[in-house]
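The values are calculated or read from the model by the stated rules, or taken from the named source; none is laboratory data. Note that this is a predicted model, so its numbers are computed, not measured. Cβ placement follows ideal geometry from the backbone for every residue including glycine, while neighbour counts extend to all protein chains displayed. Accessible surface is based on the protein model in full, side chains and every heavy atom, while ligands, DNA and RNA are left aside. Shrake-Rupley method; radii C 1.70, N 1.55, O 1.52, S 1.80 Å.
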Amino acid sequence: MNTEEDHSPNQIKRHKCSACFKQYKKKEHLIEHMKTTYHSVHQPRCMVCKKHCKSFESLREHLTGPVARGVCSAIFFQCGCQLCLTLSDSPASLNDHRETCRLSAPTPLGTSELLYIDSHNENHADCRPGAIAMDCEMVGGGSDGSLELCARVCLIDEDENLIFHTYDITGLTEEHLRDGMPLKEVREKILQILYNGESIVKVSLDGGKARLLVGHDLAHDLDCLVMTYPDHMTRDTAKYRPLLKTNFVSHSLKYLTRTYLGYDIQTGTHDPYEDCISVMRLYKRIRGQSHKEEGYRTLTPGDNIGACDWWRSKELDNLTPDELYAISRSDYRCWCLDLKL
């Protein structure tokens, strides 16, 4: 990491951020920058120059955009993966990496004989509770079709096994309506799967044996199901900081799947099974990142991640850029920490 404060006898002394390399004339401006950017080992980072970026899209622009850094762009063109933005040792190893990094679209779910399926099994007590991906399909209701109603619900586990699928009473055809499940019963079964035998109090505190709920724009799906789930137990690809646009607006699941997994979805009718598979793959890809350990205690779900007493110290002016970076922490919980629960 480049930690030197760039200056010479004929130049104004500048203070460079050790994470994003921005330079400031005054040390107090660098300190203020560090207080508001929350740089940490969990941020997307260029594998060539080690620059930290606020999102994967920012990193992509740094590597391949119209004003990409020349050296980084050249090296990334030779050995970089366009999907996960990592760097291989050689073009040959990059080809091997691409074989596993680029995924194939999931096989569409045949729904004609799957009006309802529930293959939920309890986890063993000594195992880490697995995540569950959920997606809903909506239809227009009411006299003018403006009332959004839940028509189809799908849940899969981390191994992409279908564990719950049903049409509810607002189903897609007359046949589905005849065999559809009432929304209240759908909601009860989903909560039974997610809570995994854990009490509401335990889930609200640290999760216990309850499952993490993965999805894209989960608030919308939960509203349509008229249900709630604790925020610290959800993993939303539409809200996760590194997956947002540079202006912190959400990408569509279709864009994220094409950009980070390498295949297209939603090319025809909306298939919640296809979306479930894709959102789970995105979550696992982000969760699987290898980040260095930070020099402080392991965070629990309820921690205020952005809070840091060090920034109230009167000794900040005496710290080097590297030392300022060392006390900086993320203001979001990195998904890689889910494997350390």
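Here are the numbers:
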| read-out | value |
| --- | --- |
| In region 201-256, residue nearest to Cys336 (Cα to Cα) [restricted to those that are in a helix (DSSP H, G or I) and of a type in the set (Lys, Arg)] | Arg241 |
| Counted residues, region 270-286 - those being open to solvent by 40 Å² or more (accessible area, probe 1.4 Å) and in a loop (DSSP other than H, G, I, E, B) | 1 |
| Selected residue [open to solvent by less than 40 Å² (accessible area, probe 1.4 Å) and among the polar types (S, T, N, Q)] from Thr267, Thr237, Thr228 | Thr237 |
| Residue among Glu28, Glu61 that is part of a helix (DSSP H, G or I), surrounded by fewer than 15 Cβ atoms within 10 Å (Cβ to Cβ) and touching a residue at least 12 places away in the same chain (Cβ under 8 Å) | Glu28 |
| Residue count, region 131-169 (criterion: modelled with pLDDT of 90 or more, open to solvent by 10 Å² or more (accessible area, probe 1.4 Å) and not in a strand (DSSP E or B)) | 4 |
| Condition met for Lys16 (touching a Lys or Arg at 6+ places or on another chain (Cβ under 8 Å) and without any contact (Cβ under 8 Å) to a residue 60 or more places away in the chain) | no |
| Within region 254-274, considering residues that are touching a residue at least 40 places away in the same chain (Cβ under 8 Å) and of a type in the set (Phe, Trp, Tyr), the one farthest from Leu243 (Cα to Cα) | Tyr273 |
| The listed residue being under 14 Å from the mean Cα position of the chain (by Cα), open to solvent by less than 60 Å² (accessible area, probe 1.4 Å), of a type outside the set (S, T, N, Q) and over 26 Å from His97 (Cβ atoms), out of Leu222, Leu244, Leu256, Leu212 | Leu212 |
| Residue list for region 199-218, filter: at pLDDT 95 or above and acidic (Asp, Glu) | Asp217 |
